[in-house]
Amino acid sequence: MTRKGMRRGLTVAATTVAVSALLLSGCASKRDEGTGGSGGSAEGNVNSTFSFAASSDPKSLDPAFASDGESFRVSRQIFEGLVGTKAGTADPAPLLAESWEESSKGTVYDFKLKTGVKFQDGTAFDAKAVCANFDRWYNFKGIQQSEGVGYYYKSLFQGYADKDTDKAVYKSCEAAGDSEAKVTLTRPWVGFIPALSLPAFAMQSPEAMKKYKADETSGSADAPKLSQYALGNPVGTGPFKFSEWKNGDHITLERNADYWGDKGQIEKIIFRVIADAPARKQALEAKEIDGYDLVGPADLKVLKDAGFNLINRDPFNVLYLGINSKEKELSNVKVRQAISYAIDKDALIKQVMPEGTKTAMEFIPSSVRGYTENVEKYEYNVEKAKELLKEAGYPDGFKTTFYYPTDVSRPYMPTPADTFTNISQQLDAVGIKVEAKPMKWTEYTSYVQGNDKHGLHMLGWTGDYNDPDNFVGVFFNGEKPEFGFDNAELFKNLEDARQMSDQGAQTKKYEEIMKQISDLVPAVPLAHPVPTLAFNERVTTYPASPVQDEVYNQIKLSK
Amino acid sequence: MLKFIIKRLGLLLLTLFGLSILLFLWVRALPGGPATAMLGERATPEAIAAINKAYGFDRPILEQYVTYMGKVITGDFGNSTQSQRPVLTQFFNQFPATAELALFAILFAVLIGIPLGYWAAKNYGKWQDNFSVILSLLGVVIPVFFLAFILKWIFAVQLGWLPTSGRQDVGLDATHYTNFFLLDGLITAEFDAGWDAFKHLILPGIALGSIPLAIITRITRAAVLEVQGADYVRTAKAKGMTPSILRDRFILRNAMLPVATTVGLQLGLLFAGAVLTETVFAYQGLGYGIAQAITNADYPVLQAYIMFIAVIYALINLVVDLLYGVIDPRVRVK
């Protein structure tokens with residue numbers, strides 16, 4: 001064999017490849033690529049670049065048009081709202097507003113603003129800017145009024161200048177001087193202040209929004225598209241400013257040198273998009289990233305043993321077993337109570353949930369107003385469950401369907417398939433035979449929430465801010481195909497509670513509602529699973545927050 | 001020759017037309033739909049209806065198809081429902097990534113597969129042959145995601161030689177003109193950036209190339225076995241040809257015909273089949289784009305991407321057919 005001959009043999013095959021390559025490279029695009037900035041300059045002995053793996057791209061850099069966790073993770077660094085949260089809790093605390101006063105029976109709020117604060121584009125943050133933001137939301141048009149785009153304004157403020165005006169909670173905003181803004185609501189809403197801690201209501205630079213056409217959100221058709229502002233020109237008052245977004249790959253933020261507060265150690269944040277959960281874990285193990293969110297229960301021990309820092313968020317969510325009261329057997333409250341008694345929540349948590357998960361007795365975590373110990377606890381009791389089934393006329397149990405998603409892991413539902421297996425075995429022990437109905441996540445949510453042809457299912461919710469209506473109001477504010485449950489008294493109580501202006505009285509009302517729900521069992525609260533973040537050992541402090549109000553100037557690095 | 005190419009391209013257009021109808025129906029049969037994916041788990045029926053109306057997904061399917069094709073003819077493939085960016089922009093950002101990865105993988109498969117297959121055939125029935133057969137079996141049966149996990153665990157986590165994910169170190173201040181990162185590294189003389197991009201190609205390239213490697217090895221082995229037993233090889237040997245001439249001119253050249261077909265087909269498949277590899281390596285290519293689009297029932301992206309991949313596949317096959325002529329004068333198109 002000569003070397004020359006061998007080479008020629010290979011050349012033939014290689015030519016195939018090369019010619020194809022030439023042909024294909026004709027399609028290549030030229031793209032103006034932004035630069036990532038200098039990588040990790042040192043402050044003392046600390047590498048001041050912090051890299052975090054996100055599970056997807058943010059939907060939008062304009063938080064008013066976002067509702068997903070990845071958008072908010074980025075927005076929290078760039079923007080600040082009038083109201084923030086107390087560290088480590090979901091309770092509202094002053095942020096860009098130093099204080100506020102409520103008057104006229106909870107319909108007028110006077111915000112006293114922090115002075116000397118500037119947006120990252122150099123324009124002043126003042127009362128005019130506050131009103132510009134409120135008026136912008138109120139004047140959303142067309143597709144912006146859809147829940148797919150301006151979700152939070154739509155669902156919380158309910159009406160706009162040109163649509164559903166009679167339902168609108170917001171009325172007007174007036175600037176009194178530079179540092180006082182007066183916001184008037186059409187009716188009292190106790191949830192107003194906590195709701196303002198959501199990134200969707202963060203203060204954005206009116207100048208920048210105008211310059212980069214933040215409200216141009218649809219193309220020739222009505223379909224939404226990202227504005228120039230939302231694609232790459234967001235401007236807030238936060239400790240980090242936007243640098244680059246390479247869709248699908250990464251987002252880079254840089255320190256805001258003019259930030260009014262603590263600038264922290266970090267000079268540059270890189271959010272890398274890694275969709276695959278095991279790939280995020282391996283990227284951390286290979287020290288390519290400093291941390292990632294929602295560590296799978298199976299990975300906790302491995303990472304801990306390898307010396308990584310695991311940090312838990314106080315759970316602000318609930319996982320429940322949904323029951324369709326339209327099904328013959330399940331329409332009987334005794335059957336639903338029997339199901340409650342049949343489930344050993346502690347065993348379930350121990351076997352399939354991450355360590356630190358709390359047992360759920362009601363549909364809100366204990367840190368939310370309205371939580372009460374005074375509810376029926378349904379301690380695990382097989383005999384009692386069997387007895388109730390007998391009383392209901394099903395001494396030998398019955399058969400029903402049980403829907404669960406197969407391809408998803410949510411903060412409130414880390415391991416759906418395992419949870420399903422566990423619960424169905426427990427139900428089997430009291431005679432309730434379930435027919436497994438696994439389903440793809442995209443199909444699942446619309447199926448179980450969209451029609452009443454199902455028996456049991458699993459779903460949950462992560463709260464946005466400290467307000468009971470943000471939990472129970474979401475589930476039981478009316479008859480829904482998901483629960484097929486109809487109780488006019490409960491629906492009215494929830495509506496009344498939402499409208500109350502006195503917080504003390506409202507809390508009491510919610511405590512009654514919790515008891516009512518517990519007696520009626522429209523669904524069974526199972527657990528408050530703990531979400532865990534994993535970090536490289538150099539991350540010594542991370543400001544974990546139940547509502548993910550985590551701003552990276554609070555992170556401490558050791559090297 | 002030109003007539004042949006025009007005829008093939010005409011057939012391609014016809015195929016694409018048929019495919020566009022099938023695709024249009026198929027993506028709409030996906031469970032969930034884009035509105036549900038956009039709105040998350042608490043979507044109200046009204047919100048879903050509003051989104052469907054905005055995108056025109058509530059119109060009769062024939063009307064949707066006609067509107068869509070009308071736009072496609074003008075080069076407008078619509079906006080992704082997930083990223084809200086033009087599909088075409090997204091495609092041209094992701095295509096170079098997949099092209100680099102697919103070419104790396106096929107080169108890896110060809111450079112190892114052909115010599116390995118030849119070596120096996122030459123040592124037919126001996127341990128070398130068994131070794132290569134077992135190796136190629138393993139290449140086919142090991143799932144890509146598992147191989148990827150193992151490769152990353154060894155070379156990235158344990159040894160720290162190669163990166164686990166991405167296309168290039170984000171911290172590098174690399175300039176990109178073509179979005180072919182290797183090429184960009186050469187054009188801009190930013191060799192460190194090019195080298196870094198190359199390092200990011202190695203593990204996904206090997207994972208992706210494992211299946212074509214196995215197939216090419218087996219095809220080469222079979223082809224060489226067949227050719228080396230042919231009469232003309234025996235005759236050439238009897239005439240006293242040197243072993244190297246025998247191998248190059250008589251055996252390999254003839255054995256290369258089926259191999260070239262396989263390489264072409266495999267390369268086409270790599271463009272379509274990089275879904276898993278790109279996902280587990282967080283590698284921003286077409287496969288990753290398709291995986292995301294399926295998860296989010298992103299109709300515009302799915303429709304366009306699958307069409308584009310079909311075009312790429314067809315063009316690669318056309319090139320392979322033309323290359324036949326280079327290898328085998330008997331089938332040269334006049």
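None of the figures in this text is laboratory data; all of them are computed from the coordinates on show. Computed from a predicted model, the values in this text were never measured in an experiment. Cβ placement follows ideal geometry from the backbone for every residue including glycine, while neighbour counts extend to all protein chains displayed.
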Contact order relative to length of chain A, as percent, for alpha carbon pairs under 8 angstrom and 6 or more apart = 19
Which values of log₁₀ I(q)/I(0), to two decimal places, follow from the Debye formula for the range B:87-327 at q = 0.10, 0.11, 0.13 Å⁻¹ with a uniform point scatterer at every Cα?
-> -0.56, -0.66, -0.87
May I ask what percent, to the nearest 5, of DSSP beta bridges between residues of the protein assembly as shown are antiparallel?
-> 75
Whole-angstrom Cα spans of the range A:10-297 along principal axes, big to small = 85, 52, 42
Per the Kirkwood formula on distinct C-alpha pairs, the Rh of the range B:134-198 is how many angstrom?
-> 13.6
Relative contact order [Cα under 8 Å, 6+ residues apart], the range B:53-138, whole percent | 10
Summing Lys, Arg as +1 and Asp, Glu as -1, what charge do residues with Cβ under 12 Å from the Cβ of A:Cys173 carry, A:Cys173 excluded?
-> 0
Given the rule -39500 (n - 2.57) for each run of at least 4 DSSP H residues, summed and divided by the residues of chain A, what is its mean residue ellipticity at 222 nm, to the nearest 500 deg cm²/dmol?
-> -9000 deg cm²/dmol
Table column - 3J(HN,Hα) (Hz), the range A:95-110, Karplus curve with 6.51, -1.76, 1.60, x for Gly and Pro = 9, 6, 9, 6, 7, 8, 10, 10, 8, 6, 6, x, 10, 10, 10, 9
Want the number for A:Glu383 to A:Lys304: 0.36 nm per residue separation, take away the alpha-carbon distance, what's left?
-> 24.4 nm
So, counting K/R as plus one and D/E as minus one, what does the shell of residues with Cβ under 13 Å around A:Gly88 add up to?
-> -2
Determine ³J(HN,Hα), in whole Hz, for all residues of the range A:54-62 in sequence, where each value follows from phi through the Karplus function 6.51 cos²θ - 1.76 cosθ + 1.60 and θ = phi - 60°; x replaces Gly and Pro.
-> 9, 7, 7, 5, x, 6, 7, 8, 9
Rounded to two decimals, what is Rg over Rh for chain A when you use alpha-carbon atoms and the Kirkwood radius?
-> 1.02
Cα shape, the range A:257-303, gyration tensor, a/c 1.5 rule = prolate
Setting aside same-chain residues fewer than 8 positions from B:Lys122, which aspartates and glutamates have a Cα under 12 Å from its Cα?
-> B:Glu226
In sequence order, calculated HN-Hα J values of the range A:262-273 (Karplus, 6.51, -1.76, 1.60; Hz; x Gly/Pro) | 5, 7, x, 8, 7, 9, 8, 10, 10, 9, 8, 8
Provide the FRET efficiency to the nearest 0.05 for the B:Thr235-B:Leu111 pair, computing r from the beta carbons and using R0 = 41 Å.
-> 0.85
Dipole magnitude of the protein assembly as shown about its Cα centre, charges +1 at Lys/Arg Cβ and -1 at Asp/Glu Cβ only, in debye to the nearest 20?
-> 4420
If you bin every alpha carbon distance in the range A:102-253 into 10 Å steps from zero, what whole percent lands in each bin?
-> 10, 36, 37, 14, 2
For B:Ser80, residues with placed amide H under 5 Å, excluding near neighbours = B:Arg85, B:Val87
Return the distance in nm (one decimal) between the two label points of a simple spin-label model at B:Asp192 and B:Leu137, each offset 7 Å from Cα along Cα→Cβ.
-> 4.8
Whole-Å distance, taken between Cα centres, linking the range B:125-143 and the range B:30-51 = 48
Dimensionless Rg/Rh of the range A:317-528 - Kirkwood Rh, Rg from C-alpha atoms | 0.94
Charge sum, other residues only, whose C-beta stays under 11 Å from B:Ala314's C-beta, Lys/Arg counted +1 and Asp/Glu -1 | 0
What FRET efficiency do you get for B:Thr178 and A:Glu443 if R0 is 35 Å and r is their Cβ-Cβ distance, rounded to the nearest 0.05?
-> 0.30
Assuming R0 = 45 Å, can you tell me the calculated FRET efficiency for the pair B:Leu11 and A:Lys163, based on Cβ-Cβ distance, to the nearest 0.05?
-> 0.30
Shape of the range A:348-408, Cα gyration tensor, a/c cut at 1.5 = oblate
Could you work out how far apart the two model spin labels at B:Ile150 and A:Asp68 are, taking each label as a point 7 Å from the Cα in the direction of the beta carbon, and quote it in nm?
-> 3.4
